[in-house]
Structure formats: structure tokens, C-alpha cells
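Asker: Here's a structure for you.
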Amino acid sequence: MDDTQPDSESEPNGESNLALILKELRELRKDFGQQLSGIKEDISKIGKRVEEAEERINGAENRIQSSEDVLTELISRMTWRSSEKRGNRGTTRANQGFKERRHAYRRQDT
């Protein structure tokens, strides 16, 4: 036999090599397509979870802001009432002092 000619039984010919390569490429393409589909599904699930987390975060931020607003209002009212009571105490003390002085003068007159 001639050494330059491939043996058809021991080595595949060029066409069968191309067919085998094409078959392998198609299988790879199919596998990659399946993997890509799985990745897309995972990304979609992650996107939904991120949206849900953003909604929960927005809700929590709104509740925190409302709480801060309420606390600020309560502190303002408490401060106002405290200063009002201090002012009333001063007025009450002044009135009480005046009444005591008036009673003292009345006692002196009698």
C-alpha cells in the first residue's frame, strides 16, 4: 500500500472529520444555549428579588421618616409645654408673692 494514502479503516477521511467537528460544535451550541437560558432565569429571579428588596427598603424608609416626623413634633410640643409651665410657674410665683405681700399689708393696717 502507498504510505501517502490514509487507510480508510484506521483514519477517518476529511469529510467525516468535518462532520464530527460540526456535530461537536452543534452539541456545544446546544449546551451553551441551555446554560445561557439557566443564567437568564437566574438573573430574572435576582432582578425580582432586588425589586422586592427595594420596595421593602422604601417602605422602611417611609416608616422611619414618619417616626422621625412624629418624634420631632412630640419634642416640639414637650419643649413648648415645658417652657409654658416654667412661664406659668414664674407668673404663679409672682402672683403668690403679690398676694402674700397684700395680705401682709392688710394685716399691718388692722
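Bear in mind that the values in this text are calculations on the coordinates, not laboratory data. Keep in mind it's a predicted model, so treat the numbers as computed, not measured. Here the Cβ positions follow ideal geometry from the backbone for every residue, glycine too, while neighbour counts run over all protein chains shown.
Asker: Report the extension gain between residue 32 and residue 19 in nm, rounded to one decimal, defined as 0.36 nm multiplied by the number of residues separating them, less their alpha carbon distance.
Answerer: So the extension gain works out to 2.7 nm.
Asker: Still on this structure, please answer the following. Rounded to the nearest 0.05, what FRET efficiency do residue 83 and residue 54 have when you use their Cβ-Cβ distance and R0 = 41 Å?
Answerer: Efficiency, rounded to the nearest 0.05: 0.45.
Asker: Let me know the Rg and Dmax you get for segment 14-82 when you use only its Cα atoms, in Å.
Answerer: Rg and Dmax of segment 14-82, Cα atoms, are 29.5, 99 Å.
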